[in-house]
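Reviewing the structure listed below.
All of the numbers you see were taken from the coordinates with simple rules; none came from a lab. What you are looking at is a predicted structure, and each value in this text was computed from that prediction instead of being measured. Backbone-built Cβ (ideal geometry, glycine too); neighbour counts: all protein chains shown.
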Amino acid sequence: MFVIRKSACIAAAIFFAAALFVSFGISKASAAAAEYARYTVVLDAGHGGVDPGVLGVTTKTKESDINLAIVKKLARYFSDAGFRVILTRKNEGGLYGLPTAGYKRRDMEARRDIIEGAAPNAVISVHQNNFIADRSRRGGQVFFREGDANGTALANSIQEQLNAMNNRALSALRGDYYMLNCSRFTSVIVECGFLSNAEDEALLLSEEYQSQVAQAIFAGTLAYFC
């Protein structure tokens, strides 16, 4: 269950997105979509290609694959609600060209260029966490750029939805990461769970749980925009 403080706005948007999924009430959904058409979101699936990110503790599943799966689900929610949606990465590959020296820098700079070109209202970078020093760590955690009031508000809003989904009481945290610092636009990083924890890993491999995470991020973002 999601925490909906601005219930009318969020409930309407979620309803209209769901209506599109089942091809019901299209005219009403289209009217609601027009309200959100003025917003652009950039969705960034972290890592990709020769950079797998972290690996699942049990299955060795690549973080990059989970990131992309969640972003694709999230993109559908935003698109069906009327948002203009830009993906930095649309497939399993990276954005670096050839995997030669300096590929990581090229990959990150390509993501920055996509963000700058889109001039978005929000950037959401999706990742998975890893903490081998304490494999009991679980749950989603959101990061924001220090001094960015809008980013802080967006991160807190998404964090609230993730906490409600997982029955946790985590706080959004300041982070000093490239994806937060590479542009002037409102940006957050969402670490959806810990691949160093076997229970979180099993959940994150589930299509159903991936959808729940995407819904939580979507609902939190709508609360921020309302």
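Among the GluC sites (Glu not before Pro) in region 109-186, those located in a DSSP loop and surrounded by at most 16 other Cβ atoms within 10 Å of their own Cβ are Glu146. Think of each Lys and Arg Cβ as +1 and each Asp and Glu Cβ as -1; about the Cα centre, that makes the dipole of region 7-225 roughly 280 debye.
Scanning residues 5 or more positions from Arg89 or on other chains, those with amide H under 5 Å from its amide H are Ala45, with H placed 1.01 Å from N in the peptide plane. Amide H contacts under 5 Å for Phe185: none, restricted to partners 5 or more places along the chain or on a different chain, H placed in the peptide plane at 1.01 Å from N.
Counting beta carbons within 10 Å around each of Val50, Val188, Val71 and listing the fewest first gives the order Val50, Val71, Val188. The mean sequence separation of alpha-carbon pairs under 8 Å and at least six residues apart, normalised by the residue count of region 7-225, gives a relative contact order of 24 percent.
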